[in-house]
1. Scan segment 47-61 and give yes if some residue there is under 22 Å from Val95 (Cα atoms) and in contact with a Leu (Cβ under 9 Å, 6 or more places away or on another chain), otherwise no.
2. Would you say Asp48 is closer than 20 Å to Phe97 by Cα, touching a residue at least 12 places away in the same chain (Cβ under 8 Å) and charged (D, E, K, R)?
3. Taking segment 101-142 as the search range and keeping residues that are without any contact (Cβ under 8 Å) to a residue 40 or more places away in the chain and of a type in the set (Ser, Thr, Tyr), which one is farthest from Val47 (Cα to Cα)?
Amino acid sequence: MAETFNGTAALNEAEGATLGPTEWFTIDQGRIDAFADATLDHQWIHVDPAAAADGPFGTTIAHGYLTMSLVNHFLPQLLEVQNISMGINYGVNKVRFPSPVPVDSQIRATGTVSEVTEVAGGVQAVVTVVIEIEGAPKPAAIVETVSRFLD
């Protein structure tokens, strides 16, 4: 269930807040293949189960950018800002991929409101999203997202 903030003033007071976790989400081969098609990245470690079985992870793995792109799926489960005119994905500050995501893994996210600053017409929030893999010692991704929420 998303942490709900009533307007930008409430979000402005939330610096340091922890968010989540989200629901678990399965990374299956169909999603990996669709991402490969969309990005034209058909490297064998992602799309060839037979070759990947003999590779370093023993199976196919999700693209790092696929894992990162799922921040768009997880953020609304972590954070909701109500009574605004719009929210804008402004980008990312930093991304790291500490651990690969093997096919059929379950992933979920937690977040921290790392920084909130006032901008013209609203606030800019940096939310550090950590995407974890069920049962894995290291996260799949750590993404410092930047969003703008306008009054």
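1. no
2. On the way: closer than 20 Å to Phe97 by Cα: no; touching a residue at least 12 places away in the same chain (Cβ under 8 Å): yes; charged (D, E, K, R): yes.
Against the criterion (closer than 20 Å to Phe97 by Cα, touching a residue at least 12 places away in the same chain (Cβ under 8 Å) and charged (D, E, K, R)), Asp48 does not qualify.
3. Thr117
So that you can scan it fast, the table gives a plain yes or no per residue for (1) within 21 Å of Gln77 (Cβ to Cβ); (2) out of contact with any Lys or Arg (no Cβ under 9 Å at 6 or more places or on another chain):
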site: Pro100; (1), (2): no, yes
site: Ser105; (1), (2): yes, yes
site: Arg108; (1), (2): yes, yes
site: Glu115; (1), (2): yes, yes
site: Val119; (1), (2): no, no
site: Val123; (1), (2): yes, no
site: Val126; (1), (2): yes, yes
site: Val129; (1), (2): yes, yes
site: Pro139; (1), (2): yes, no
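All of the numbers you see were taken from the coordinates with simple rules; none came from a lab. The shown structure was predicted, so the numbers you read here are calculated from the model rather than taken from an experiment. No Cβ is skipped: glycine too gets one built from the backbone with ideal geometry, and neighbour counts run over all protein chains shown.
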